[in-house]
Amino acid sequence: MIRAVAVVLVAAGIATAADVSGPALDYALNCQGCHRADGSGTPGSVPALAGSVGKFLRVRGGREYVARVPGVAQAPLDDAATAGVLNWILERFGRDDLPADFSPYTAAEIGGLRRSPLTDVERVRRELLEAIARAR
Amino acid sequence: MIDRRRWLDRFVEVFARQMAQRTSRRSVLTRFGSFLVGATLPVLPVARAAEDGRLPPPDDAALKGDAGDPKSCNYWRHCAIDGFLCACCGGSQNACPPGTEMSPVTWIGTCRHPGDGKDYIISYNDCCGQSLCLRCRCTRTEGEKPLYFTSKNNDLLWCFGTKSRAVNCSVAVVLGVATRS
């Protein structure tokens, strides 16, 4: 019976459909499957965006890193749409962590950075996380 | 006053005895459980959704033929699914079968509803923790990308972030309506 109740509750909880458009739709179709709707990611598999992504922009090289990670550089979106969804992500999941002088990504900036995708993401990420920890 | 108490005692005693004779403990638990579910549902997102402008997903029952049948490969939400349909495996198009765990990592696409013509955002989550269901195999590829676009490929097993990597079946959950502006 407990299982039956749980199934009812799960079914009820997802029985709605909101309109989604613009960068939010691009996020849903290209990012959310792995990073999840709330940006929490999956420990050990997918990095969290919430409470994390904005901090990269506070250290040297972080702004470039965020635009060159595989999910961004290889996203099946044009430069303008990619800049749009990346700015949406930073606003939604990193607002409190962004530097005071943050300026949104532009299509031209994304176009330049995604031409040189990262070849050793883990190493660069580790170095940046160390820099973030030192900057506290 | 004493007579009244005796009358009340007598009434409660008769009521309790009749209830014990006519009902089983299991049926009482069932009715109590139904009461709890009924009391809980109004605070769930279904009720809140009505307040924030969300709409219920389209009515499958209004569709003719297989397009409205979650156990059919031709069900409208299955336009890009690859796996065994959970509706045939003890679950539903929204819920995993008992004993399995829904993968939080998933791949997401859109399917057009044949009734209202809208494109709905569909999340294809694998249900993990038991061996392959082997009922209602379905492979459709609308909007699917080749393997080198891993986040858009449905040939992969998507049991990531779950206790078990064993895949049982797949659900097709409506996340929203895709509106291109």
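Each value in this text was obtained by applying a stated rule to the coordinates, not by laboratory testing. Since the model is a prediction, treat every value here as computed from it, not as a measurement. Neighbour counts are summed over all protein chains in view; Cβ atoms, including those assigned to glycine, are modelled from backbone coordinates with ideal geometry.
Annotations
- Centroid-to-centroid, using Cα positions, region A:22-91 and region B:62-114 are 28 Å apart.
- Under the combined filter of DSSP loop state and at most 13 neighbouring Cβ atoms within 10 Å, region B:111-181 retains these trypsin sites (Lys or Arg not before Pro): B:LYS163, B:ARG165, B:ARG180.
- Prolate/oblate/rounded label for region A:22-135 (Cα gyration tensor, a/c 1.5): rounded
- By the count of neighbouring beta-carbon atoms within 10 Å, fewest first, A:VAL72, B:VAL171 end up ordered A:VAL72, B:VAL171.
- Mean Cα-pair separation over length for region A:22-135, i.e. relative contact order, pairs under 8 Å, 6 or more apart, %: 31 percent
- Calculated from backbone phi, Karplus (6.51, -1.76, 1.60) coupling profile of region A:76-83 in Hz, x at Gly/Pro: x, 10, 6, 4, 5, 5, 5, 4
- Proximal lysines to B:LYS163, defined as alpha-carbon separation beneath 26 angstrom and excluding residues fewer than eight positions away on the same chain: B:LYS152
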